[in-house]
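For reference, the structure discussed in these notes is given below.
None of the figures in this text is laboratory data; all of them are computed from the coordinates on show. This is a predicted model, so every value here is computed, not measured. No Cβ is skipped: glycine too gets one built from the backbone with ideal geometry, and neighbour counts run over all protein chains shown.
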Ligand code: PEP
Ligand code: MG
């Protein structure tokens, strides 16, 4: 699969009418980096830091994390890396922490909430990232599950505090990472312009955005039929988010599963998405689909989808694709 894709891959992705779309890779494990490089990803759009945490019996130390992240940055030298801070809890259970307790872990004490309440764990994590990227140029740090502007500012302040502390300790570190956030919680939509002022960039986690917009636990098979990314409220929410980021000249990419699904790519391009991050195995497919689209057709298709109100009408339009 990978080798076949390699032969077809072009280093630059453009629509049929010549508009550039940037393709990045989602990475869970360091072993996937070679596929991302082979398939000409422009960088890492989402590095999920929690994987080394999940397989252990206690939190890895700052030094242990440093060594993992150092390999990430060494292997990606010259490219851009967006690293997401610890997103534990919900579907990513930790046996040794309180991030998964409670009746509904998806709505619980998880992700950035857990980190802001466990400052020393969060700070060791951020310090490890900053130190490992000391000689790495294009570092972007982003926070998962942000639900208020206050929370984003608090998390960003932690990164700034870690930079100040590392300076005092005379430890080599990255001096000025771009600091951004994931959009996964619908409460962000109404105050998006405020986020667009403060955040350096955005990445939309549609897996969680769909889950929380539709009140459907993404891990509960009993409600899997209710998990509908084509729901008009999901589509309109995404369109508003992307417009606000674009109006404010802030980079925005889509990194959830929707980004590699052929039926949603025309809509995403049509609402103004120009960066996508997918599991590297999907890069050839995504590039092929984007190369076959024209912006005018995609925008028209998106406009039609944004005008419907029922699931049925939205599903029919999505299935029909661009006609
Ligand atoms: C998402 O929620 O869409 C996302 C990319 O993050 P994760 O799947 O790791 O929750
Ligand atoms: Mg998520």
I need to check one value: relative contact order of the chain, counting alpha carbon pairs closer than 8 Å and at least 6 residues apart, in percent. 20
Expressed in nanometres to one decimal, the distance between label points 7 Å along Cα→Cβ at residue 103 and residue 38 is 4.8
Gain in span if fully extended, residue 281 to residue 67, counting 0.36 nm per residue against the direct Cα distance: 74.5 nm
Set the Förster distance to 35 Å, then compute FRET efficiency between residue 243 and residue 95 from the Cβ-Cβ distance, nearest 0.05. 0.25
Residue-normalised 222 nm signal for the chain, counting each DSSP H run of n ≥ 4 as -39,500 (n - 2.57), nearest 500 deg cm²/dmol, is -13000 deg cm²/dmol
Want the number for residue 193 to residue 167: 0.36 nm per residue separation, take away the alpha-carbon distance, what's left? 6.1 nm
Residue span residue 16 to residue 313: 0.36 nm per residue of separation minus Cα-Cα distance leaves a gain in nm of 104.2 nm
Give me the angle, in degrees from 0 to 90, between the Cα long axis of helix 62-75 and the longest principal axis of the Cα atoms of the chain, rounded to the nearest 10. 50
For the stretch 280-302 and the stretch 60-118, distance of Cα centres in Å: 31
